[in-house]
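J.: This structure is in structure tokens; I'll ask about it shortly.
The values are calculated or read from the model by the stated rules, or taken from the named source; none is laboratory data. Source: prediction; values computed, not measured. Every residue, glycine as well, gets a Cβ built from its backbone with ideal geometry; the counts of neighbours run over all protein chains shown. Just the protein is used for accessible areas: all its heavy atoms, side chains included, with ligands, DNA and RNA removed. Shrake-Rupley method; radii C 1.70, N 1.55, O 1.52, S 1.80 Å.
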Amino acid sequence: MQNMINTQELLDLYNLANNKTLLSYTGIFDGQILSVIAENIESNLAQNPNASRKVFKIFLELAQNISFYSTEKQTNSKGKVNGMGILILQEFEDHYSCSTGNMGNTEMLKEVIKKCETINILERDDLREYKRKLRSLPASAKGGGNIGLVQVALTSGNPLAYKIIPITKTDSFYIVNTKINK
Amino acid sequence: MENIIIEGSRDTYFIPSVNFELHTGICEIVGESFLEDTIDFYKPLMNWVEDYIEQEKRPLAFIIKLTYFNTSTSRCILDILNILKDYEEAGGEVVVNWHFDENDIDMEEDIEDYIQDTGLEINLIPFQKK
């Protein structure tokens, strides 16, 4: 039964997604999955419309980054190629926490990390100006606003937590976490 | 030129409702905008506005009532608003009304940023979410 996850591994995975976890997902980040999860977030957090709207927005930005930039790709049933990654949404007493992870090209991720650093040192008004500056630059080939992470930080109102862990010669695992106050 | 009418939906992606009316010059975008290919969707809308300005030369009212849009949409909105600003500067009559949920402070900030970016006068119209 080499091709089957053993029960202990499954239990570890389950325990890792502890009772704070509202939602965890690993796999392809295509349009269908994104809209299903976004709708789930909206209905699960409906008792707190403000936080719900923020978590919804943040999730969609981070998830779209995974579908565009993850270097692990999969083709969905409609023949579209999308990135793979992981999402964990947790609820704590006074905040929600949204974390995503995906494989990425290390050189490109170093640029992403620089952007995260810039985002975290800027005050809100400067961050808004930074967003406006990036938005006025030509769009990337994928039509991305090039401003997703800035928007995430503005929406969350808290600093980003991030890390890259080298995995292969060229690629690293990239994790970003953001906190949304209740 | 013809009207553009797109019925919005929330399926695999979130498609906003679009109603660009040639006869009245009223252009509405309503709903949520998270699309498979944002530029594919918005490019025809931009072209329509440009054609209207060039061929009709009449007043144009642009009405936005988006409760959610992703950042790639945000760039397309900027492009449209810039076209409108150019028209206004060339003597065209332009009105932009942006309806937003009164509790959505982030959206209000977004609209203010567009005003600063484009120099357009945008009327902020808060509504109460049902």
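J.: Determine the sum of side-chain charges near A:Ser99: Lys and Arg each +1, Asp and Glu each -1, restricted to other residues whose C-beta is under 11 angstrom from that of A:Ser99.
T.: Working: positive: A:Lys163, A:Lys179; negative: none.
Counting the neighbours of A:Ser99, the net charge comes to +2.
J.: Can you work out ³J(HN,Hα) from phi for every residue in segment A:31-41, in order, using Karplus 6.51 cos²θ - 1.76 cosθ + 1.60 and θ = phi - 60°, giving whole Hz and x for Gly and Pro?
T.: Karplus values, whole Hz, x for Gly and Pro: x, 5, 4, 4, 6, 5, 5, 4, 5, 5, 4.
J.: Okay, next question. Using amide H atoms built 1.01 Å from N in the peptide plane, name the residues 5+ places from B:Gly8, or on other chains, whose amide H lies under 5 Å from its own.
T.: B:Ser17, B:Val18
J.: Continuing with this model, one more query. Would you grab the residues whose amide H sits under 5 Å from the one on B:Phe69? Only those 5+ places off in sequence or on another chain, please, with H modelled 1.01 Å from N.
T.: Correct list: B:Ser33.
J.: Shifting gears a bit: How many angstrom lie between the C-alpha centres of segment B:48-114 and segment A:71-98?
T.: 32
J.: Then there's this: In whole Hz and in residue order, list the ³J(HN,Hα) couplings for segment B:56-70 that follow from phi through the Karplus curve 6.51 cos²θ - 1.76 cosθ + 1.60, θ = phi - 60°; x for Gly and Pro.
T.: 3J(HN,Hα) across segment B:56-70, in whole Hz: 8, 6, 9, x, 9, 10, 10, 10, 10, 9, 9, 8, 8, 9, 7.
J.: With θ taken as phi - 60° and the coefficients 6.51, -1.76 and 1.60, list the Karplus ³J(HN,Hα) couplings across segment A:71-80 in order, rounded to whole Hz; mark glycine and proline as x.
T.: With the stated coefficients, segment A:71-80 comes to 8, 8, 10, 9, 9, 7, 5, 8, x, 8 Hz.
J.: Please identify the longest segment of chain B free of exposed GluC sites (Glu not before Pro), where exposed means a DSSP state other than H, G, I, E or B and no more than 10 other Cβ atoms within 10 Å. Present the calculation step by step, with values, prior to reporting the outcome.
T.: On the way: sites that count: B:Glu2, B:Glu7.
My reading of the result: B:8-130 is the longest stretch.
J.: Right, next: In chain B, what percent of the accessible surface is made up of carbon and sulfur (1.4 Å probe, ligands and nucleic acids excluded)? Intermediate results must be reported in sequence, preceding the final value.
T.: Details: 2860 of 6260 Å².
Result for chain B: 46 percent of the exposed heavy-atom area is carbon or sulfur.
J.: With chain A treated as a Gaussian network of Cα nodes joined by springs under 10 Å, which of A:Asn15, A:Asn65, A:Asn158 yields the largest mean-square fluctuation?
T.: A:Asn15
J.: What lysines could a cross-link reach from B:Lys85, if we take a straight Cα to Cα line under 23 Å and drop same-chain neighbours fewer than 8 places away?
T.: The reachable lysines, counting only those whose Cα sits under 23 Å from B:Lys85, are A:Lys131, A:Lys133, B:Lys43, B:Lys57, B:Lys65.
J.: Can I ask one more? Let me check against my output: what whole-number percent is the relative contact order of chain A, with C-alpha pairs under 8 Å and at least 6 apart?
T.: Numbers: 281 pairs, mean separation 43.1, N = 182.
It rounds to 24 percent for chain A.
J.: To the nearest 500 deg cm²/dmol, what mean residue ellipticity at 222 nm is calculated for the protein assembly as shown from DSSP H runs of n ≥ 4 alone, each contributing -39,500 (n - 2.57), summed and divided by the residues?
T.: Details: 9 runs with 129 residues, N = 312.
My calculation for the protein assembly as shown gives -13500 deg cm²/dmol from helical runs alone.
J.: Rounded to the nearest 5, what % of DSSP beta bridges with both residues in segment B:4-127 are antiparallel?
T.: On the way: 11 of 30 bridges.
The antiparallel fraction comes to roughly 35 percent.
J.: Now a separate question. Enter the buried accessible area of the A/B pair, total of both sides, probe 1.4 Å, in Å² rounded to the nearest 100. It would help to have the intermediate numbers written out before the result.
T.: Details: alone 11160 and 7640 Å², together 16120 Å².
Chains A and B together bury approximately 2700 Å².
J.: Compute the accessible area of each residue in segment B:96-130 twice, once for its chain alone and once with every protein chain present, using a 1.4 Å probe on heavy atoms, and list those whose area falls by at least 20 Å².
T.: Output list: B:Asn103, B:Asp104, B:Asp106, B:Glu109, B:Asp110, B:Asp113, B:Gln116, B:Asp117.
J.: Another question about this same structure. Taking the Cα centre of segment B:4-127 as the origin, how large is its charge dipole in debye, to the nearest 20, when only Lys and Arg (+1) and Asp and Glu (-1) carry charge on their Cβ atoms? Display every interim value, and only then the final one.
T.: On the way: 7 positive and 28 negative charges, 73 e Å.
Approximately 360 debye in magnitude.
J.: Follow-up question, since we're still on this one. For segment B:65-130, what is the accessible area per residue in Å², given a 1.4 Å probe and the full set of protein chains? The partial results should precede the final answer.
T.: Numbers: 3010 Å² over 66 residues.
Spelled out: the 1.4 Å probe surface of segment B:65-130, per residue, equals 46 Å².
J.: Which value, in debye to the nearest 20, gives the size of the charge dipole of chain A about its Cα centre, when Lys and Arg are +1 and Asp and Glu are -1 at the Cβ? Before the final figure, lay out each step's value.
T.: Working: 21 positive and 18 negative charges, 124 e Å.
That gives chain A a dipole magnitude of about 600 debye.
J.: Continuing with the same structure: With an 8 Å cut-off on Cα pairs and a minimum separation of 6 or more residues, tell me the relative contact order of chain B in percent. Each step should come with its number before you reach the end.
T.: Values: 211 pairs, mean separation 25.2, N = 130.
It rounds to 19 percent for chain B.
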